[in-house]
Structure formats: C-alpha cells, structure tokens
Amino acid sequence: MKELIQGYAKRLKLSWTREHFEEIKADSNEEYLLKLFEQEIYHREERKVNLLLKQAQLPKTGTQPFEWQHIQIPQGIDRSSVLEGHFIREKENLILYGGVGTGKTYLSTLIGMNAIRTFGSRIKFFTVASLVNHLMEANQKGNLQKAFNQIKKLDLLILDELGYIPLNKQGAELLFQVISMCYETRSIIITTNLQFGQWNHVFGDPILTEAVIDRLIHHSHLLVFTGDSFRYKESLLSQ
C-alpha cells in the first residue's frame, strides 16, 4: 500500500506528500487531506522561491535593516512601494544614484528578494560589466538571441555599477539593445555613481547616451543617496 501511494504521488508530482504522508496526524479524513495539501503547497512554494533566488544571483546582504534617512525619494512613490516592488507591476524603472558604498546595491538586492518572495517575480542581477561581457561572449558563440530571450522572461533586471567601467562600442550597443528591449515591458533597476550628464563617459557616443537615458527615465523614479559610505563608516568603527 505504501509503495502504491508513493507511486501515485510521484506521478502527480506531489514530492512532499510522497515522502511525508505518514507523518500527518488528524482526527478525520478531511483534516488529514487539508493538512496534507497545506504542507504540499507550502513546500512547493518554498522550492519555487529558492529556485528563483538561485537564478537571480543576488549578492549576499547583511541582516541589518535598511537605513532611509539619507535617501531622497521623489513624489509618486514611497518607501513601501520601493521596498515591496510595486513599481515592477507597473513596468516602471528605478535609478539609484549616489556615491560609492551608500547602499544602492543593498537596496536593489532587498527589492529583488522581496519581489521574489511576495510576487514570485523573475529577477536577474548583473553588474553592467558582467552583463556586457555575457552578451559579447554570447554574440561570439552565436547565442546572442538566446541571451536576449532569457532577459525577456524577466520581470525585473537589476544592473549594478553603471559608470565604474567605460564600455567599448560593441558593449555599449549591446547594453542599449537590452534597455530598448525592456522599455515598457519589464522593469530595470540601475545603480550608478554618475549624473546623467556624465553617462557619455560610459557609452562613448552622445547620441547613444541620449537614447539610453530617454528610454530609462520614461516611467522611472530617481532615488538620490546622499549619505557617506557604509563600508567606510564600518571600517572606522572597527578601528
């Protein structure tokens, strides 16, 4: 009997039920089924979340709560809408601008984690340099369209550290293609230490730079980080 139940559970893809159905304690058949289904759904959702987190490749974060006091948030959005990822459902973008170490990457990571756990959103985190290298390598191998198709499946693309490394012509054009492809169809978070007027140093072409900014700032919110570097402050405290 046990083997038959496990076999049927396997065919129905009830993986938790197959391994744990004997552990459920209940006073009636209805209560037993309810508890069984609740556990199956709970563990199925947990597996889904863990898979999405693995695919997102988000950076590791600390456990301390996020500090908002040095962030300027524009009208039209608030802290909860940012942190809970409500802008993703509206296909809006976030641009996080500020100095090195002020929490831009940390906030973008928290947003990604919350969106996965709350909405089951499909997210991918890249530094700008790593995305460009990934696309250039895919192009060399003839897999560029496959790489684009993977991005098209996302709900949110996080691009970290725009401005740290200037791009060559091919890299800038590939990044523009990604931003154009995401325009009004999925959300982007970009972290940068450069004002818009300095983005030409990254893309190397004023027309291309203007086209990138035009697509990004439409349906976007600019958050300005004005505090000191958290890493610098922590190093001072540890001395």
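The values are calculated or read from the model by the stated rules, or taken from the named source; none is laboratory data. Every value quoted in this text rests on a predicted model; they were computed, and no experiment measured them. Note: ideal-geometry Cβ built from the backbone for every residue, glycine included; neighbour counts use all protein chains shown.
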So, first residue at positive phi in the range 211-229, second residue of a type outside the set (S, T, N, Q), Cβ within less than 6 Å, six or more apart or across chains; the pairs are His219/Glu92
Looking only at the range 123-136, decide whether some residue is crowded, with 16+ Cβ neighbours inside 10 Å, closer than 26 Å to Ile71 by Cα and at pLDDT below 95. no
Per the filter on the range 171-229, residues of a type in the set (Asp, Glu) and in contact with a Ser or Thr (Cβ under 8 Å, 6 or more places away or on another chain) are Asp228
Listed by first then second residue, the pairs whose first member lies in the range 3-28 and is at negative phi, whose partner is among the basic types (Lys, Arg) and surrounded by 14 or more Cβ atoms within 10 Å (Cβ to Cβ), with beta carbons under 6 Å and at least 6 positions apart or on separate chains, are Gln6/Arg18; Ala9/Arg18; Lys10/Arg18; Ile24/Lys35; Ala26/Lys35
Check: Would you say Ile116 is surrounded by 17 or more Cβ atoms within 10 Å (Cβ to Cβ), touching a strand residue (DSSP E or B) at 6+ places or on another chain (Cβ under 8 Å) and under 17 Å from Ile190 (Cα atoms)?
Finding: no
Of the residues in the range 135-186 that are part of a loop (DSSP other than H, G, I, E, B) and touching a strand residue (DSSP E or B) at 6+ places or on another chain (Cβ under 6 Å), the one that is nearest to Trp199 (Cα to Cα) is Gly163
Take Lys91 and decide whether it is closer than 18 Å to Arg215 by Cα, surrounded by fewer than 17 Cβ atoms within 10 Å (Cβ to Cβ), touching a residue at least 40 places away in the same chain (Cβ under 8 Å) and within 14 Å of the chain's Cα centre (by Cα). yes
If we ask which residues in the range 63-114 are among the acidic types (Asp, Glu) and part of a helix (DSSP H, G or I), their number turns out to be 0
Picked from the range 15-54 (must be aromatic (Phe, Trp, Tyr) and loosely packed, with under 14 Cβ neighbours inside 10 Å), the residue farthest from Leu154 (Cα to Cα) is Phe37
Over the range 64-82, the set of residues free of Cβ contacts under 8 Å to residues at least 60 places away in the same chain and within 18 Å of the chain's Cα centre (by Cα) is Phe66, Arg79, Ser80, Ser81
Screening Glu22, Glu45, Glu31, Glu40 for residues that are assigned to a helix (DSSP H, G or I), in contact with a helix residue (DSSP H, G or I) (Cβ under 6 Å, 6 or more places away or on another chain) and among the acidic types (Asp, Glu) leaves only Glu40
Looking across the range 55-71 at residues that are modelled with pLDDT of 95 or more and of a type in the set (S, T, N, Q), the single one that is surrounded by the most Cβ atoms within 10 Å (Cβ to Cβ) is Gln55
